[in-house]
Structure formats: structure tokens, C-alpha cells
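Read the structure below first, then the notes.
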């Protein structure tokens, strides 16, 4: 090695690793995703918040009109976007069912289906960290496999999620055995200790404006299933299976994250590490009781306190001046038709396209088109055009018939074919824009059905998400830490702006073109905030 004049080998080495010399650079990035946290919740429940959500909205850069800006509001697609800086059309994760399931990566110890990020395309934020400094490490934890896996992209860093038998585990994509610290965590028997407990209100009943006796929250259930208290079964095995429906699931996830932080030495520097935490109970409670329920209000209070406990514990372990935090959500939720709501859902319908689909499928089957060559799921109509050609059936005429008949069904707002979407004015037509953001070229559906706002599919008894409308698409985006200026920002932004903003703060160049951009008003040194990546239209 040739050293510059006047430099010792040690000094030359320090210049080769500028990360080691920079004592102001953050050593830990924390990405918190609260599953089904609607953008309006922090404001709606402000008077009863006193924990982490209250702190982050008060001390951080808070974008109150952020959006995921794609239509299919499922966990997988929306967990892949914030730290990749890319929309589903780019990272390739479109549906939960085509997200992380992978029979070639079985779970260690069983307890659920195999899972890996093999469908994820391109790079993510952690890849960029390692390209700058190979010493960077990451840990991702969640109740859900997709919530733990997709924030890391394809990186083979530790990722753990909840198995159906009451343990945190991972798949063989990441490891052959569980590390000792996870084995010790599982051995504590947390779920068994919760058996027989009751979920009761956190605050006095007078602090909740929502009525507790709304049968339509859980149609067809007995009164003790939609009112407080909500007991956990006495049977430990049953308690472990249904624990994801209770606030304590978030507590266990936070505990695992903190144990992993210590065991792995994350954030000790000099490199920058990543800790991703996805809290999933709000999603379970929102599905079960809806956005206007007392249960949802109490859950938001509890996740607020859990995030506060997490941050307080984290800052006793690491220098908070060298920690930065980002927070967002994957989607919102809608009240069921007929459930009294602050949302304008009086005209909402229950939509059942099964009769139309079944009749057309039977007709096509008689003309030689197989059952799997004409499918309709999650609002997407897909045709195997090669199979249609072989059967001598014009696929476009079938799509036209389906669209025309579907539009006659109350609650169907529009049916878009792909050519129609590509011709739309995406500045004024937000539905078309979000559909365009959803699908890679090889996963384009033949038609997409959009329901009127707050309408729901079929006779489901759970509150739904998955619409392109803002009650589903709007989520909070927050940044906290030394590089960020506290403030409330009203201008619309997108969750894909999180990764480029974090990358800019850390001086880490993304490895590919992004859909997101740097958010300059979030930064203390706004004048230095030049766009790291130019957005695509």
C-alpha cells in the first residue's frame, strides 16, 4: 500500500474508514411500522395520548397527509415500500398471498408456512448501508412474517416473527437454528403467563367517547364478544394462538426487539445499524371492531404507551443523540356498511360479484377455458390470454362483458382496464394513478374493480381495507432525531419518501432509481437537502 506524504499507516486507515472518525453520525436507525394506523388517529386521540406517539408527533417532523399511494392496501406491499423507497410496481410485492410465502424456506421448529423475500425485487435501505460500511447489521421483528421480512428487502439479516405455536421464529432463508437469545426469550413462556388475563380499559371509562355496545362492530357475535372486558382463554395453547388479537402481542414484540438490540450490539457503532419493529395488534383490533370502536381507541392508547416504553428503554441503552427514528403505517381501515361512523359511510354497500364471476366462469369452462385461466380476487380480474387463444375465445370481449355487468352492481364505483388506466390523467385521477403504481409489467391485471368509498366485499364480518381511497391510503409519516426539525407539515408526501430522506441524512447513496424523494422541510439543515433520487411519474 502506498501512503500519502506525511501520513502514517494508522492515519491512512482512518481516512479509508471515515465512518470511524465521524462521532456525530447516527449509529442506529429505528423504523417503526404500526399496522393499520390511520393518518387521522394521532390527531383524533391526541387528548389521551401520552407515550411514544405523543412524543414523536410533538418532537419530530410529522407529515399529517402522507400516503402509500397505491391501491391494494395489504400488509406485504406496504411493508416493502418505506425502506425500499419504491412503489410495488418496482419492488414487485403486490399481494399478501404473493408476498413472502415460500415452501423452500420452512420455519425453524414449524408452527407456520415457510417464508422468504424471494419475490422482492431490487435493493432496500439496509443494502445501501452495507455498501457504504459492510459492518452494518440489522434486526427486524414483527408478529407477522411479512412485517418482519420485507423491511429488510432480500438481506439475510436476522428477522423473527410469531409462529402459530406461540414462539418467535424465523425461516431457513435466514438461519438453520434460532440464536441463543431468541431461544431464551421463548423459554420465558410469555404467552402462557397471559392465559386467563382480561383486556380491560387502560383509562377510566369517562375518557372514551365511543360507545361500547355496538353489535354491528362484530356482526353475529354475542354481547360479551363486542364489549369490555375481553378475556384471554385459560388454556395456554389456545391463548398463544389468539394472542395476536390482544394488546400484549405488541408488548412481546417490543421486548424481543430490545433483547435483540442488546444481544446483537446494535447501535454501538461506529457503523450505522438498522432496527425495524412492526407492531401488528392495531390491525387485528381494527379488523375485529372497526375504526370507531372503544376497543380501537384503547388499542391506540396502548400502542402509544408501548412505543413510549420502547423509546425510553432504548435511550437507556444507546445515546439518543445518535439514534434516528422513522414511523409510518401500511394502510388504514374502513367501517363496515351499517356501522355508525365519523366516516361518511351512509351510502356504503356490501358488494358481491361472486354470482357474476361464477356465471362467466361456468360459461367459459363450457368453451374450453380452464378454471385457473379466469380468476377474480382482491378486486383484480386476470385472464390467461394464451389459454383463451387456444380455446378460441376473445379475452378482450370477456373483460368488456365483466366490466359492463360489474358496473351494474350497487357499490361498484368503476372498473378499469389497463389501457384505460394508462390513458388517464394521473394528476386528477388518483385511483388510476394508484393503480399504475401497483403493478410491475409482468403482473398487470386485465381489470381492476374499485368500490365506492366505504363499501365492502361480500358478507364479511371483519372491517376491511384494500381500497384506493384516502381512508385506506393515508398514513402518518414521522421522523425524529438530531437531524430532523420538529414541525407539523401539511403538504402531501408518500411513504416511499422515507428511505431517500434517511439515506440523505446518513450520506448513503441509494443503489438504484427510487420513486421517493428527500423531504427537505423535515431536516434541520434544509438548505443542504438536495434530492437524492428523482421521482418517477
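So what is the relative contact order of the chain, in percent, for Cα pairs below 8 Å that sit 6 or more residues apart? Write down the numbers at each step before the final one.
Working: 1137 pairs, mean separation 141.1, N = 537.
After rounding, I find 26 percent.
Taking the beta-carbon count within 10 Å as an exposure proxy, list 45, 160 from fewest neighbours to most.
With the sparsest Cβ surroundings first, the list reads 45, 160.
Just to confirm my numbers, what's the Cα centroid distance between segment 100-144 and segment 464-483 in Å?
Their Cα centres are 23 Å away from one another.
Take every DSSP beta bridge whose two residues both sit in the chain, then give the antiparallel share in percent to the nearest 5.
Bridges in the chain that DSSP calls antiparallel: roughly 50 percent.
Taking 8 Å as the Cα distance limit and 6 or more residues as the minimum spacing, I'd like the relative contact order of segment 151-290 as a percentage.
Numbers: 133 pairs, mean separation 33.7, N = 140.
It rounds to 24 percent for segment 151-290.
Quick check on segment 303-362: take the gyration tensor over C-alpha atoms, sort the square-rooted eigenvalues as a ≥ b ≥ c, and tell me if it's rounded (a/c under 1.5), prolate or oblate.
Prolate.
Based on the alpha-carbon gyration tensor of segment 11-169 and its eigenvalue square roots a ≥ b ≥ c, which shape applies: rounded if a/c is under 1.5, prolate if not and a/b is larger than b/c, or oblate?
Taking the square roots of the gyration eigenvalues as a ≥ b ≥ c, segment 11-169 is oblate.
So for the pair residue 442, residue 488, with labels modelled 7 Å out along Cα→Cβ, what separation do we get in nm?
Simple spin-label model gives 4.6 nm for this pair.
What is segment 421-537's relative contact order, in percent, from Cα pairs under 8 angstrom and six or more apart in sequence?
17
Taking the number of other C-beta atoms within 10 Å as the exposure measure, put 408, 68, 156, 144 in order starting with the fewest.
Starting with the residue having the fewest Cβ neighbours, the order is 408, 156, 144, 68.
Taking Cα atoms, how many degrees apart are the long axis of helix 248-264 and the longest axis of the chain, rounded to 10 and kept between 0 and 90?
The helix 248-264 is inclined about 30 degrees to the chain.
Kindly put 162, 418 in sequence by how many other C-beta atoms sit within 10 Å of each C-beta, fewest to most.
By the 10 Å Cβ count, ascending, the order reads 418, 162.
Which of these values of log10 I(q)/I(0) by the Debye sum over Cα atoms at q = 0.09, 0.10, 0.12, 0.13 Å⁻¹ was calculated from the structure shown: [x] -0.81, -0.94, -1.16, -1.27; [y] -0.68, -0.83, -1.18, -1.37; [z] -0.74, -0.92, -1.31, -1.49?
Read-out taken from this structure: [y].
Against the longest alpha carbon principal axis of the chain, how many degrees, from 0 to 90 and to the nearest 10, is the axis of helix 354-366 turned?
So the helix axis and the longest Cα principal axis differ by about 70 degrees.
Taking Cα centroids, how far is segment 270-339 from segment 392-437 in Å?
35
With the cut-off at 1.5 for a/c, could you classify segment 60-127 from its C-alpha gyration tensor as rounded, prolate or oblate?
prolate
Readers should treat all values here as calculations from the given coordinates under stated rules, not as data from a laboratory. Here the structure is a predicted model, which means the values were calculated and not measured. Positions of Cβ are backbone-derived with ideal geometry, glycine not excepted, and every protein chain shown enters the neighbour counts.
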